[in-house]
Amino acid sequence: MARDVDEKKKRKALRKLRKAAALAEQGLGPPLSDWEKQFLEEVEARIETYGSAFNDPEKGGRDEALSALQSIKLREIDKKARGKGKTGFRQRKPLSSQKRSNTRQLDEDIETPDVSPSPLSAPAPKQAEPSRPKLVSARDMINAEEPPSQASTGKPRAETSPPKLRVIKGGADDI
């Protein structure tokens, strides 16, 4: 059952199909695959027979000769036949291992000393462990005469009352 397709649009679609096939035969671009050749032949035959290459009205306009997807594929085949290739997103090529990246390597700046043991040298001194803060209760702070930092400076402690601290129950120790 043929639809009423505008003759002008039908001729235009046939002209595009034939032109893409002719360009592919000239060999300007890569050769068309068997599927693409078959697509061009079948679509051309359907347009000549039925006036349209598709039957489902949801796939394109009722007065169009090609569906939306068929016209997109025809454009891709035309570009391929002209040797222009596809456009769009391309996969990024990985950087070669020979090229140096623009990022800075932090370990390049560190000079490592030669740690070869010599029989005359003394053993390396043991490094002190980092100090860890102690938990001090408020009662211990009230009874303490002076904190160690003030005792080492030699300055007399200001005559003020010690701070009043309030212990709140329900902390991490009470779990």
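The values are calculated or read from the model by the stated rules, or taken from the named source; none is laboratory data. What you see is a predicted model; the values in this text were computed from it and never measured. Note: ideal-geometry Cβ built from the backbone for every residue, glycine included; neighbour counts use all protein chains shown.
Any residue in segment 47-61 that is of a type in the set (V, I, T) and either at pLDDT below 90 or touching a helix residue (DSSP H, G or I) at 6+ places or on another chain (Cβ under 8 Å) (or both)? Write out each step before concluding.
Just the residues of segment 47-61 that are of a type in the set (V, I, T), to begin with: 47, 49.
Of the ones still in play, those that are also either at pLDDT below 90 or touching a helix residue (DSSP H, G or I) at 6+ places or on another chain (Cβ under 8 Å) (or both) are 47, 49.
The answer is yes; a qualifying residue exists.
Results for (1) within 54 Å of the chain's Cα centre (by Cα); (2) loosely packed, with under 10 Cβ neighbours inside 10 Å; (3) in a loop (DSSP other than H, G, I, E, B); (4) modelled with pLDDT of 70 or more, shown as yes or no for each residue.
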| site | (1), (2), (3), (4) |
| --- | --- |
| K80 | yes, no, no, yes |
| R100 | yes, yes, yes, no |
| S131 | yes, yes, yes, yes |
| T160 | no, yes, yes, yes |
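Report whether or not V136 is hydrophobic (A, V, I, L, M, F, W, C), out of contact with any strand residue (DSSP E or B) (no Cβ under 8 Å at 6 or more places or on another chain) and modelled with pLDDT under 65.
Numbers: hydrophobic (A, V, I, L, M, F, W, C): yes; out of contact with any strand residue (DSSP E or B) (no Cβ under 8 Å at 6 or more places or on another chain): yes; modelled with pLDDT under 65: no.
So V136 does not fit the description; no.
Within segment 15-47, can you find the residues that are of a type in the set (A, V, I, L, M, F, W, C) and assigned to a helix (DSSP H, G or I)?
The initial filter retains those residues of segment 15-47 that are of a type in the set (A, V, I, L, M, F, W, C), namely 17, 20-24, 28, 32, 35, 39-40, 43, 45, 47.
Once the filter is applied, which keeps residues that are of a type in the set (A, V, I, L, M, F, W, C) and assigned to a helix (DSSP H, G or I), segment 15-47 yields L17, A20, A21, A22, L23, A24, W35, F39, L40, V43, A45, I47.
I'd like to check something: does segment 40-52 contain any residue that is without any contact (Cβ under 8 Å) to a residue 60 or more places away in the chain, surrounded by 12 or more Cβ atoms within 10 Å (Cβ to Cβ) and touching an Asp or Glu at 6+ places or on another chain (Cβ under 8 Å)?
yes
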